[in-house]
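This report refers to the structure that appears directly beneath it.
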Amino acid sequence: MAALVVLILIILMCLAAPLYENYVARTDAFTSNVNGTYVVDGQTKPVLEASTEGLGLGVNPIGPTWSSQFFLGADNQGRDVMARMLFGGRNSLVIGFTSAIICCVLAGIVGIVAGYFGNAVDAVLSRALDVLWAFPVYLLAICLSVVLINSSLTIGPVTLNSGSIILPILIIGIVYVPYVARPIRGQVLSLREREFVQAAVGAGAADLRLLRREILPNVLPTIIVFLPLMTAINMLTESALSFLSIGVQPPDASWGTIINDGVGLLYTRPMVAIAPGIMLAITAVALNLLGDGVRDALDPKARLRGGV
Amino acid sequence: MWRFAGKRAIAALLVLFAISVLVFLIFFATPGVDPAARIAGRNASQETLAQVRQSFGLDQPIWVQYGVMMRHLFIDRDLTSFVNRGAEVIPQVQQAIPVTLSLVIGAAVIWVILALVMGVLATAYRGTAIDPIIVVLGVIGVSLPVYWLGEVVNLVTQSRLHDTIFAWVPSLGYVSLSEGFGPWALHLLFPWLTLAVLYAGIYARVLRSEMVGAMNEDYIRMARAKGIGEWRVLLRHALRTSLIVVVSLFGLDFGALIGGAALLTEVVFGLQGIGKLTYDSLQNFDLPVILACVLYAAFFVVLANFIVDLLYAWLDPRVRHV
């Protein structure tokens, strides 16, 4: 329960991002603010100061003020990190959640079709899953992102612009399909041998009816259990891709891109990198606990992640 | 056992072949993506594009390109980079492999030992305070972004505290094992710990739940009935059967590590391994290097899965006959 409350709080915080931007921080989170100024103790100071350390190259953005403006400080373009983090959270959450839905739906279809129809269909689908399974997930996601992220993609009538967040959603959704499809296929294989399914076959039920009335209701809890866990994994994957600058594209933000921005400032303004990481970790912990809770409620016998 | 191993080996080779085709298609045949345009740069003229295509052999049919690249990679072993023309790819990969293996194997040793100790202790003292600790460690491990944890570790060990408490931590980078075990291990210590933290908790949790399940089995009751001591029952009887699940989990994670978490860790800690090489070649779209790195990574993943299959069959003889 606590996990759900934390998750809802984080979602509400991110939904309130425009309010924070307009009324609390009074700034624009997406345009660079290199020559901006900030008033502290009655003195006007520039948001970015020329760095005095080291070679004197680069800039030293304002640090965390812990007050309404620049709560967490500014990034190297003088933008308010707190406001960007709230907006970035929207992207992280949206990408994590939608890609988890895509993944679970695709995996459900693949797993059910492979398990139910068996024989040649199963052989083809299982071998394809085996190949994806042996392909390190991150590597596959990175390869796809590098090829696709900077070029607009046209599939039939739909055109995806370069830098659209649809691309990371699709890529992340697809690469994790084997992880969910495999257990579902196994479950469908054993369901098909059960008496109630055999009885329905004996009663002359057609394939579609069997799938809809007998198989799907029994597989659905497993798919639902996977949803929060996949959301957590997908958010982490998205942030990793964004960290490698092949996920969400600037000026758009996600927690991963902000951590990436923060790496350059790590030793002078560590908050830029630390804060979004903490948000990400809290969200992922909440989602994982939620997943464990959902599993205990729906499907106590389910075995995910090895034995637990 | 040998028949089983042979069958698995053939399957592994087929998977490797399929992966090489898949990677090749991703980079050379994705609709709407022209590798020549990437090499020539933005706003290149038609003549330049045609010249690039011809010079890199991109005007040939796709299967010819695949064959040529695989021949250069595996038979002639003289594949050259698209970006630094003339620079051979295979020596770069060979230099990078020990770095990645040092990182992954060292981290794996640490987290497996930690997980074994925690898992066995949690089983022996189940129902006490150790249980929730392991659950929490496991959840945190699967929830932390590895690259972020690495940056935080860097911040702690390389920044202000570097002058005082962490003065013994060397600067980022890799030192070859040939320069002595001490410097090698010291340079890799924090990358190892960063990775191990992520995996130790979840492994301990998996091991504990398997062992607690095994403790209710008949063969444990039998062992106890024979008068075998509790610790010996735990270690010799419950642990061995419970290791099966851990071993198969390890095979999967090893793959995920080589291709993902290790890549991020190498980038964060400045280790010139396969992951860093892949990352650098992705930055400038150096296709031959990318292809070689991905195939080498995939090779280790498939090899790990193959070894896991064999271990599995050795630990549980029933598997051999499926």
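Just to be sure, is B:Gly270 open to solvent by 10 Å² or more (accessible area, probe 1.4 Å) and either acidic (Asp, Glu) or assigned by TED's automatic domain parsing to the domain that holds B:Leu195 (or both)?
yes
Can you tell me which of B:Asp309, B:Asp280 is open to solvent by 20 Å² or more (accessible area, probe 1.4 Å) and either assigned to a loop (DSSP other than H, G, I, E, B) or at pLDDT 85 or above (or both)?
Within the list B:Asp309, B:Asp280, the selection yields B:Asp280.
Please find, among B:Ala124, B:Ala129, B:Ala107, the residue that is in the same structural domain as B:Leu239 (by TED's automatic domain parsing) and surrounded by 18 or more Cβ atoms within 10 Å (Cβ to Cβ). Steps first, please.
Numbers: B:Ala124 fails: surrounded by 18 or more Cβ atoms within 10 Å (Cβ to Cβ); B:Ala129 fails: surrounded by 18 or more Cβ atoms within 10 Å (Cβ to Cβ).
It is B:Ala107.
How many of the residues in segment B:210-266 are of a type in the set (Asp, Glu) and more than 14 Å from chain A (Cβ to nearest Cβ)?
3
State yes or no: is B:Pro132 farther than 30 Å from A:Gly256 by Cβ and either of a type in the set (Ser, Thr, Tyr) or without any contact (Cβ under 8 Å) to a residue 40 or more places away in the chain (or both)?
For B:Pro132, the condition - farther than 30 Å from A:Gly256 by Cβ and either of a type in the set (Ser, Thr, Tyr) or without any contact (Cβ under 8 Å) to a residue 40 or more places away in the chain (or both) - is met.
In segment A:108-148, what count of residues is obtained for those that are away from chain B (no Cβ under 11 Å), among the hydrophobic types (A, V, I, L, M, F, W, C) and buried (at least 23 other Cβ atoms within 10 Å of the Cβ)?
1
Quick one: in segment B:146-156, which of the residues that are touching a helix residue (DSSP H, G or I) at 6+ places or on another chain (Cβ under 7 Å) and either more than 9 Å from chain A (Cβ to nearest Cβ) or β-branched (Val, Ile, Thr) (or both) is nearest to A:Met230 (Cα to Cα)?
B:Val146
Yes/no matrix, rows are residues, columns are (1) free of Cβ contacts under 8 Å to residues at least 24 places away in the same chain; (2) open to solvent by 80 Å² or more (accessible area, probe 1.4 Å):
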| site | (1), (2) |
| --- | --- |
| B:Leu195 | no, no |
| B:Arg205 | no, no |
| B:Arg224 | yes, yes |
| B:Arg232 | yes, yes |
| B:His237 | yes, no |
| B:Arg240 | no, yes |
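Only one of these conditions is not met by B:Val93: (1) in a helix (DSSP H, G or I); (2) of a type in the set (A, V, I, L, M); (3) open to solvent by 50 Å² or more (accessible area, probe 1.4 Å). Which number is it?
(3)
Could you list all residues from segment B:207-222 that are open to solvent by less than 80 Å² (accessible area, probe 1.4 Å) and within 30 Å of B:Ile140 (Cα to Cα)?
B:Leu207, B:Arg208, B:Ser209, B:Glu210, B:Met211, B:Val212, B:Gly213, B:Ala214, B:Met215
Among the residues that make up segment B:218-238, is at least one of them among the hydroxyl-bearing types (Ser, Thr, Tyr), within 30 Å of B:Val152 (Cβ to Cβ) and in the same structural domain as B:Thr123 (by TED's automatic domain parsing)? Explain how you work it out, then say what you get.
Step one: filter segment B:218-238 for residues among the hydroxyl-bearing types (Ser, Thr, Tyr), giving B:219.
Adding the requirement that they be within 30 Å of B:Val152 (Cβ to Cβ) leaves none.
The answer is no; no qualifying residue exists.
Restricting to segment B:155-189, count the residues that are part of a loop (DSSP other than H, G, I, E, B) and within 18 Å of B:Val104 (Cα to Cα).
Looking only at that region, the number is 5.
Please go through (1) touching a residue at least 60 places away in the same chain (Cβ under 8 Å); (2) small (Gly, Ala, Ser); (3) within 14 Å of chain A (Cβ to nearest Cβ) for B:Ser143 and return the number of the only condition it doesn't satisfy.
The number of the failed condition is (1).
Can we say A:Ala240 is at pLDDT 85 or above, surrounded by fewer than 19 Cβ atoms within 10 Å (Cβ to Cβ) and assigned to a helix (DSSP H, G or I)?
no
So in segment B:283-298, with the set limited to residues that are open to solvent by 10 Å² or more (accessible area, probe 1.4 Å) and at the interface with chain A (Cβ under 10 Å from one of its Cβ atoms), which one is nearest to B:Tyr66 (Cα to Cα)?
Filtering first and then ranking leaves B:Phe285.
Might you let me know whether segment B:157-169 holds any residue that is within 21 Å of the chain's Cα centre (by Cα), closer than 24 Å to A:Met271 by Cα and within 8 Å of chain A (Cβ to nearest Cβ)? Give the steps one after another, and end with the answer.
Residues of segment B:157-169 that are within 21 Å of the chain's Cα centre (by Cα), as a first pass: none.
Looking for residues that are within 21 Å of the chain's Cα centre (by Cα), closer than 24 Å to A:Met271 by Cα and within 8 Å of chain A (Cβ to nearest Cβ), one finds none in segment B:157-169, hence no.
Scan segment A:244-274 residue by residue and report those that are touching a Pro at 6+ places or on another chain (Cβ under 8 Å), under 16 Å from A:Asp80 (Cα atoms) and in a loop (DSSP other than H, G, I, E, B).
Once the filter is applied, which keeps residues that are touching a Pro at 6+ places or on another chain (Cβ under 8 Å), under 16 Å from A:Asp80 (Cα atoms) and in a loop (DSSP other than H, G, I, E, B), segment A:244-274 yields A:Leu265, A:Arg269.
Is segment B:171-192 home to any residue that is free of Cβ contacts under 8 Å to residues at least 60 places away in the same chain, under 24 Å from B:Ala108 (Cβ atoms), open to solvent by less than 10 Å² (accessible area, probe 1.4 Å) and in the same structural domain as B:Ile134 (by TED's automatic domain parsing)?
The answer is no, given that none of the residues of segment B:171-192 is free of Cβ contacts under 8 Å to residues at least 60 places away in the same chain, under 24 Å from B:Ala108 (Cβ atoms), open to solvent by less than 10 Å² (accessible area, probe 1.4 Å) and in the same structural domain as B:Ile134 (by TED's automatic domain parsing).
Just to verify a result, which residue in segment A:261-277, among those that are open to solvent by 10 Å² or more (accessible area, probe 1.4 Å) and at the interface with another protein chain (Cβ under 9 Å from one of its Cβ atoms), is nearest to A:Cys14 (Cα to Cα)?
Once the filter is applied, the top-ranked residue is A:Ile274.
Has segment A:296-303 got any residue that is open to solvent by 10 Å² or more (accessible area, probe 1.4 Å), facing chain B (nearest Cβ under 9 Å), modelled with pLDDT of 80 or more and within 22 Å of A:Met1 (Cβ to Cβ)?
Checked segment A:296-303: no residue is open to solvent by 10 Å² or more (accessible area, probe 1.4 Å), facing chain B (nearest Cβ under 9 Å), modelled with pLDDT of 80 or more and within 22 Å of A:Met1 (Cβ to Cβ).
Checking the structure you have, find out if any residue of segment B:28-50 is within 13 Å of another protein chain (Cβ to nearest Cβ), at negative phi and at pLDDT 80 or above.
yes
In this structure, is B:Ala185 aliphatic (A, V, I, L, M), away from chain A (no Cβ under 13 Å) and farther than 25 Å from A:Leu241 by Cβ? Spell out how you get there, then give the answer.
Working: aliphatic (A, V, I, L, M): yes; away from chain A (no Cβ under 13 Å): yes; farther than 25 Å from A:Leu241 by Cβ: yes.
So B:Ala185 passes the test.
Kindly establish whether A:Asn288 is within 9 Å of chain B (Cβ to nearest Cβ), open to solvent by less than 10 Å² (accessible area, probe 1.4 Å) and within 27 Å of A:Ile109 (Cα to Cα).
It is true that A:Asn288 is within 9 Å of chain B (Cβ to nearest Cβ), open to solvent by less than 10 Å² (accessible area, probe 1.4 Å) and within 27 Å of A:Ile109 (Cα to Cα).
The values are calculated or read from the model by the stated rules, or taken from the named source; none is laboratory data. Since this is a predicted model, take the numbers as computed values, not measurements. Glycine also receives a Cβ, built like all others from the backbone with ideal geometry; neighbour counts cover every protein chain displayed. Just so you know, the surface numbers come from the protein's heavy atoms only, side chains and all, with ligands and any DNA or RNA stripped out. Shrake-Rupley method; radii C 1.70, N 1.55, O 1.52, S 1.80 Å.
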